[in-house]
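What follows is a short report on a single structure.
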Amino acid sequence: MSKRFNTLETTRILLEHAGILLGLVQRMDCEGVRHVRELDLQQAVMDHGRHLSAQERRRLQRAFSSDNLFHANLVSDIDKVEGEKRLVFDESLLELLRLCDLSLYRELTDARLRTRLVSLRDLHGRLEGASFSEADPDFTELADELNAQLSQLIGLLRQNVVRMQGVSSDLADISGEASRAPERFAAYRRSMLERIAHLYERHIKPTLAFLNPDTRLADGANLFATLEGLTRLFERHGKQSRADQVFRVALSLNAMHKPIQVVAREVDNFLRKTRRGMLQYNAMEHHFARLQALHERTRGRDLRVTRLSGRDFVRGNAFVPGLKGFLRPRAYAFGGSASYHRLLFSEIELRLADLRRRAEAPALPDLTASLGEARTDARRIETLFRWIDGLELRPTEDLVRELHGRLDAFIDGYRFPDLLAVLNRLAHAGPEGLAIRTTNRFRLLEGEDGDVYVYRRRRLEEEPSP
């Protein structure tokens, strides 16, 4: 008869070489099964003991043998299916291994949370008919079972919070691998999106709903309503210490809602940013491939093709013709001419004058939509005209844009219709010595509401002396 190790010695050997079972547990989670094939276990033991001494290898093989694990009560069942043995490890050993490795924590699903809630409801219903006497074993057993379930629930949720907070490091590792292997970036990105989307939809959102006191369930009370009912039940029967214990559990569970909510917000932002990045990346890749095809034609043997034939490319894209409607950015540089410096100092003096008048800037009354409040609109126009009449102006190439910037910066309650009123005022009573010239050039002006207005460019010029 071969020598066997007892449970304590076997467990110690298993934890000394925890990498064997940690890898097998990870494989179980990936495959979605709750058993380990004996062949896989023996292969993992052989791979792990490859660099050990012969005596240590024999000790390891004896400890990890199916017979020893079964008699040490670390394997609860051995099943033979299709000629192969399948080992079902004890759940307590698996939970111990999951505690040793953060990545092996199992996220809470909606089904597991509902099972815990149904058990608490069942205990609440059974306690309503109990005697609440410490001498009654039925009551003490129910109370002990309630304490055990509450402790297990807190432990599961705490592990879930720790696991969720470690997701960011996992994503960072995946992103690092993707950056080191650009040719496999698409596969890494798809895997990352699938993983984080599954985590958000199947684990984070159900946990948030489970820990939300305002959640309404069709089949009964939520978690906090059940705990509140248990607290009142104990208080009504004079069990204040047990009531306080349930109340403290409710406080602990309520405090777990905030860190999970932070993780949910981070994951949601990550998903949105990644979706937008994917759209931008795919669009750029698509159009870049088209440009590459056009460029390859210029590298052929036909010497007449020396330039990109991009007419079809321009017509087939909505963004390329739209670029023609925007002015190219101009480089800002200091000039050396006297006229440039006069213009610069004139601009500085003009802005200083506006800042000195800032304290006198009026607050325009709100616009009204009814005809019965015409006095308010008239008072608004009068206030605006008084401010404009004292405004110092200088020659400019775009009077509309300059007026918009100065009114928007110094007038409270300014709206785009006020700009039209000011232009109308200056057209009929313009500044002395200056004339407004309307051109056929069109410009764009973006309002506060996001709308884009098209206007004719107006120049403000000095009138020639007679």
For the range 1-73 and the range 378-395, distance of Cα centres in Å: 88
Residues with amide H under 5 Å from that of Lys85, placed H, sequence gap 5 or more: Glu38, Leu39
Label-to-label distance, nm, for residues given as Thr115 and Leu343 (7 Å Cα→Cβ offset): 7.7
Karplus-derived 3J(HN,Hα), 6.51/-1.76/1.60, for each residue of the range 82-87, Hz, glycine and proline x: 6, x, 10, 8, 10, 9
Hz values of 3J(HN,Hα) by residue in the range 117-129 - Karplus curve (6.51, -1.76, 1.60), Gly and Pro given as x: 5, 5, 5, 5, 5, 5, 5, 4, x, 6, 6, 5, x
The range 56-70 residues near the modelled Gln43 label - backbone nitrogen below 19 Å, point 7 Å along Cα→Cβ: 61, 64-66
In Hz, Karplus ³J(HN,Hα) per residue of the range 49-66 (6.51, -1.76, 1.60; θ = phi - 60°; x = Gly, Pro): x, 5, 9, 9, 6, 5, 5, 5, 5, 5, 4, 5, 5, 5, 5, 8, 5, 4
The range 203-234 and the range 402-443: distance between their alpha carbon centers, rounded to Å: 61
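Read-outs: derived from the displayed coordinates by stated rules, not from any lab. These figures come from a predicted structure and were not determined experimentally. Cβ: placed from backbone, ideal geometry, glycine included. Neighbour counts: every protein chain shown.
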